[in-house]
1. Residues of the range 27-47 being more than 13 Å from ligand 1 (Cβ to nearest atom) and farther than 28 Å from Leu183 by Cα, which ones?
2. What are the pairs with Cβ atoms under 6 angstrom where one residue, in the range 1-15, is away from ligand 1 (no atom under 13 Å from the Cβ) and the other, located anywhere, is part of a loop (DSSP other than H, G, I, E, B)? Sequence gap at least six, or different chains.
3. Pairs needed: first member in the range 210-229, within 16 Å of ligand 1 (Cβ to nearest atom); second member anywhere, in a helix (DSSP H, G or I); C-beta distance under 8 Å; at least 6 residues apart or different chains.
4. Filter the range 64-116 down to the residues that are within 23 Å of Pro47 (Cα to Cα) and away from ligand 1 (no atom under 13 Å from the Cβ) and list them by number.
5. Which of the residues spanning the range 51-67 are without any contact (Cβ under 8 Å) to a residue 12 or more places away in the chain and under 17 Å from Ser13 (Cβ atoms)?
6. Name the one entry in Ser25, Ser42, Ser13 that is loosely packed, with under 15 Cβ neighbours inside 10 Å and more than 14 Å from ligand 2 (Cβ to nearest atom).
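Bear in mind these aren't lab numbers, they're just calculated from the coordinates by the rules spelled out. Everything numeric here is computed off the predicted structure, so don't read it as measured data. Positions of Cβ are backbone-derived with ideal geometry, glycine not excepted, and every protein chain shown enters the neighbour counts.
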Amino acid sequence: GLPMIYLITPTHSRLEQKADLVRLSYTLLHVYNIHWIIIEDSDIKTPVVSNFLKTSGLNYTHRNVKTPPEVKLTDTDPNWLKPRGVLQRNAGLQWLRETALKKKLEPAVVYFADDDNTYSMQLFEEMRYTRKVSVWPVGLVGGLRYESPIVVRGTVTGWFTYWKPQRPFAMDMAGFAVNVRLLLQHPNAQFTNAVQRGYQESTLLSGLGVMLSDLEPKANGCSKILVWHTRTEKTKLKNEDKMKQKLGRGSD
Ligand code: UDP
Ligand code: MN
């Protein structure tokens with residue numbers, strides 16, 4: 001049959017969480033042979049996410065692990081200050097490795113899908129047959145219209161990236177997928193909070209023993225954008241308190 005796609009999604013509680021998750025789930029419902037590993041940044045599995053998943057119609061695994069306060073973003077921190085979703089993605093990798101060893105999951109591919117990005121259905125078919133690591137452009141990221149691997153005669157030679165292009169793998173988390181076999185061959189490869197900004201992707205791929213020449217350009221030689229690093233606007237609740245006062249006074 002079709003190789004399975006394992007999607008690892010860190011998610012955290014916020015006003016827009018359910019809306020983002022609903023939108024993503026409706027994309028995933030269009031994709032065959034997909035298993036959603038969703039890891040909450042939380043001490044508990046929240047009712048919001050638990051109930052949402054139960055009725056989602058998707059195959060999923062639900063886990064939770066809380067980011068410790070020392071590395072957690074606060075409401076007023078700029079979003080780039082600290083890494084996001086690191087422990088959650090690692091928990092997803094751990095579940096996948098354990099499950100892959102117990103059951104025969106292969107052939108299978110893993111993709112790290114943040115909960116607020118926009119994914120074309122076609123992206124999943126591009127990544128499904130990944131020998132080692134597939135790569136493609138990501139739209140609306142890095143202060144550019146898009147970032148992309150640079151492809152010369154079918155081979156990745158570098159990175160069309162303004163920010164830190166000297167990184168070994170100068171691409172966003174949304175820009176690559178990995179064959180699950182590689183995870184088993186390199187059981188210790190994972191993400192870490194202990195690297196400089198922008199080095200999460202490089203840390204994992206270097207840990208997996210990946211070289212530039214291993215990368216498989218997809219999306220028509222990296223000429224098509226099939227995923228966008230969209231970000232949901234933070235909702236302002238400027239009228240919530242005023243509304244309560246108004247209701248408390250009685251209607252007028
Ligand atoms: N995330 C998380 N804990 C946090 C902040 C973010 O688990 O404290 C998740 C978030 O839900 C998303 C991923 O990590 O799936 C990346 O976060 P975000 O989309 O905020 O990052 P950005 O869009 O700025 O890259
Ligand atoms: Mn995001």
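1. Hit for the range 27-47 is Pro47, nothing else.
2. That search, which allows pairs on different chains as well, returns Leu2/Tyr32; Leu2/Asn33; Pro3/Pro107; Met4/Asn33.
3. Going by the 8 Å Cβ cut-off, the qualifying pairs are Val227/Leu123; Val227/Ala174; Val227/Gly175; His229/Ala174.
4. Listed by number, the list holds a single entry, Trp95.
5. Asn51
6. The conditions single out Ser13.
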